[in-house]
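This report concerns only the one structure given below.
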Amino acid sequence: SPLILGLVEQPQSRTAVLAMGLELADQDANVTVEYLRAAPHMLSVVSIEDLRPWIEIGLELVAADVVVGLEYIRQIPHVASVLPVSEARTWLSFATTLVTPNTLGKPDYMAAMEFMRTSPAILAEINQPAVRAKTLSVGTLLAGRSPEAGVVWLAESPCLLRVDEAEGRLTPVMTSNLRINRYFDSQSPVLQKMLGSSQSKYSSYLWQDAN
């Protein structure tokens, strides 16, 4: 811990990090360890004052699923750089949807871990914060029906949205719908099969209030 705390530049921040670590130690030792390891990176993105809500979500999650919960603690610096804390539960809902039973009936975390480690970089490619959050929301809804469709949507969404951002506009919605539907037709057979005639509903939701 001295080496880790040494990476925190401000002395007052080191004291605050240690104080929170002591609080966490009374609740969950594993969370405390992961928190201390990630704390310097967390503070490069989130102030110590704003960090507590992120950690509290982690404590709740560890109580339900220790594997996903601890990975969430590790990924807080990356998630917080692209999403507000209000979207953290949506992001986690997407991740937990990807936990499926293996052939032995035990949880298979591979897809969930991959999502948690790679999705922040994918979301960072979407410049508009409002569209980024709605992209995640649509992906979570899709993953609830088909994990594969949710993953494909997330992976391809930066390409979908870049089409309009390249032209410097996010509206009108009808133009965006047309472009997105054309992309579905040519590039996303999995999503096309799943959404069918509902494509415009998802794209309208995605783009409304984007400005």
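The values are calculated or read from the model by the stated rules, or taken from the named source; none is laboratory data. Small disclaimer: the values here were computed from a predicted structure and weren't measured. Here the Cβ is made from the backbone with ideal geometry for all residues, glycine too, and neighbour counts use every protein chain on show. Surface areas here come from the heavy atoms of the whole protein model, side chains and all, with no ligands, DNA or RNA. Shrake-Rupley method; radii C 1.70, N 1.55, O 1.52, S 1.80 Å.
Descriptive notes on the structure:
- Restricting 100, 135, 90 to those that are in contact with an Asp or Glu (Cβ under 7 Å, 6 or more places away or on another chain) and of a type in the set (Ser, Thr, Tyr) reduces the list to 100.
- Filtered by the rule that a residue be open to solvent by 60 Å² or more (accessible area, probe 1.4 Å), under 9 Å from the mean Cα position of the chain (by Cα) and among the acidic types (Asp, Glu), the range 75-119 gives no residues.
- Residues of the range 62-85 satisfying the condition of being over 19 Å from residue 44 (Cα atoms) and assigned to a helix (DSSP H, G or I): 62, 63, 64, 66, 67, 68, 69, 70
- Residues within the range 21-47 that are open to solvent by 30 Å² or more (accessible area, probe 1.4 Å) and touching a residue at least 24 places away in the same chain (Cβ under 8 Å), tallied: 9
- Residue 52 being more than 26 Å from residue 138 (Cα to Cα), among the charged types (D, E, K, R), open to solvent by 30 Å² or more (accessible area, probe 1.4 Å) and modelled with pLDDT of 90 or more: yes
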